[in-house]
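The next block holds one structure in the form of structure tokens; read it before the comments.
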Amino acid sequence: MFRPAALFIGLRYTRAKRRNHFISFISLMSMLGIALGVLVLITVLSVMNGFDREIKKRVFSMVPPVTVTSMTDVVSNWQDVEKRVKQNPNVISVAPFVTGQVLITNEGVVQPAILDGVDPAAEKNITELPQKMVQGKLEQLVPGQFGIILGQELADRLNASIGDKITVVTPEVSLTPAGVIPRFKRFTVIGVFRAGTGFGFDGTLAFIHLRDGQKLMQLDTAVSGIHASIKNVYAAPRVSEQLAATLGPSARIMNWSDQFGALFHAISLEKTMMFFILLLIIAVAVFNLVCTLVMVVNDKESDIAILRTFGATPKMIMATFMVQGAIVGVVGTFLGVAGGVLLAANVTTLVNWIEGIFHVQFLSSSVYFINYLPSELQSSDIIRISVASLVFSLLATLYPAWRASRTEPVEALRYE
């Protein structure tokens, strides 16, 4: 079968001979170094993708993508605002809400909280609060019955359980013949939710019915604002700009990126920096490849001279040694990708097995939001890593191959 001469000779040079076992050993180490670098890079980026996914899942499950309020924090004509927000093609659903900072007391224990008045029928289209309920149901919030849903951590601090009567104290005051006293109201605990640790949702949030919130905050029929869910949560800044242009200067538009954008930007930056830092592992293996090819060139000087006398051109000689280096890079990259994909796909199971064998816990939910090691493979990461590894390997062959092409037959054969 016909093969180009450079490819044929390059493949022959990759085979070990008795007198160059050391060079072949260094080639093998270079290949394994590239494979190890690719494997580690794929695994680490997959784990970071997993943490990114879990954090976003926690945030987006409880934080509305877009929030519309006013400069006075009171929206009187909210039905009209709701209609205008719905006209945006990116908006899926909307829900009015009432919010305020309060103190909640029970059995002498006082805890600060953010109290949200919501419409249960509309809220289920905005957040995943119904799925986060561990006791009771969101639909049990009935206007006039003054029921309240607490976060798990907040309920534990208050030592409150289902059916308990707790007192909610608002910052507003009421004028009475006895003087100025704070406004407070007794509520019945009808549910508990758990969104997970890490962002304080369980320890700071409480929910009541929208109408009960209007009465408590003395808003009559007004609301604090409107929450909106959109088709693509990452398009929230653009949708906010569109709504601001539609609603005018009196409206105040906020989105999830105002509160958590810096966190996700930091995660993205950390992932990028980790990519470049771990590329150094591949770079070290590539330096070994350069040394290997230089030694091969020195070892094959007489062969190169003979090929030149038979009519081989410098380009053919250069291509011969580029083929040898490319084989090391391609095989190393392939082994690294295969091993990295296999490890990243099973790293969660592997870590859980190690924890079970040695009775240790590497991750604590109180520190890392979760108590297991997440992983998410992304094809874009695999492509980037593979291309970078192949490019490095190709660049590593240039100098040794160029040096081989510059070999003078007369000088190389003088002492043969």
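The values are calculated or read from the model by the stated rules, or taken from the named source; none is laboratory data. All of these numbers come straight from a predicted model, not from anything done at the bench. Here Cβ is always computed from backbone atoms with ideal geometry, including for glycine, and neighbour counts include all displayed protein chains. Side chains are part of the model used for accessible areas, which takes the heavy atoms of the whole protein and leaves out ligands, DNA and RNA. Shrake-Rupley method; radii C 1.70, N 1.55, O 1.52, S 1.80 Å.
Worth pointing out:
- About its Cα centre, the range 55-122 has a charge dipole of approximately 420 debye under the convention of +1 per Lys or Arg Cβ and -1 per Asp or Glu Cβ, with nothing else charged.
- Given Lys57/Lys231; Lys132/Lys271; Lys57/Lys215; Lys86/Lys271, the pairs whose alpha carbons are separated by over 27 Å: Lys132/Lys271; Lys57/Lys215; Lys86/Lys271
- Per residue, in Å², the accessible surface of the range 44-91 once ligands and nucleic acids are set aside, probe 1.4 Å: 44
- Taken about its Cα centre, the range 264-378 carries a charge dipole of about 280 debye when Lys and Arg each add +1 at the Cβ and Asp and Glu each add -1 at the Cβ.
- Local net charge near Leu373, Cβ-Cβ under 15 Å (Lys/Arg +1, Asp/Glu -1): -3
- Pairwise label distance in nanometres, Met274 with Gln145, each label 7 Å out on the Cα-Cβ vector: 4.6
- Amide H contacts of Val142 (H built 1.01 Å from N, under 5 Å, at least 5 apart or other chain): Gly147
- Relative contact order computed over the chain (Cα-Cα under 8 Å; 6+ residues apart), in percent: 28
- Volume per residue that the Cα convex hull of the range 124-226 spans, once the total is divided by residue count, Å³: 127
- The alpha-carbon of Lys300 sits under 30 angstrom from the alpha-carbons of these lysines, leaving out residues fewer than 8 places away in its chain: Lys17, Lys315.
- The range 317-363 shape via C-alpha gyration tensor axes, a/c threshold 1.5: prolate
- In summary, the range 197-311 shows an alpha-carbon radius of gyration equal to 2.34 times the 2.2 N^0.38 Å reference for compact globular proteins.
- Net dipole in debye of the chain [+1 Lys, Arg Cβ; -1 Asp, Glu Cβ; about Cα centre; nearest 20]: 1340
- Average Cα contact separation per residue, the range 312-409, under 8 Å, 6 or more apart, as relative contact order %: 52
- For semi-axes √(5λ) of the Cα gyration tensor in Å, calculated from these coordinates, the label among (i) 68, 24, 15; (ii) 55, 31, 21; (iii) 43, 23, 19: (i)
- Label-point separation in nm, Ala345 to Glu107, each point 7 Å along Cα→Cβ: 5.1
- Near Thr221: Cβ cut-off under 14 Å, other residues only, Lys/Arg at +1 and Asp/Glu at -1. The net charge is -3.
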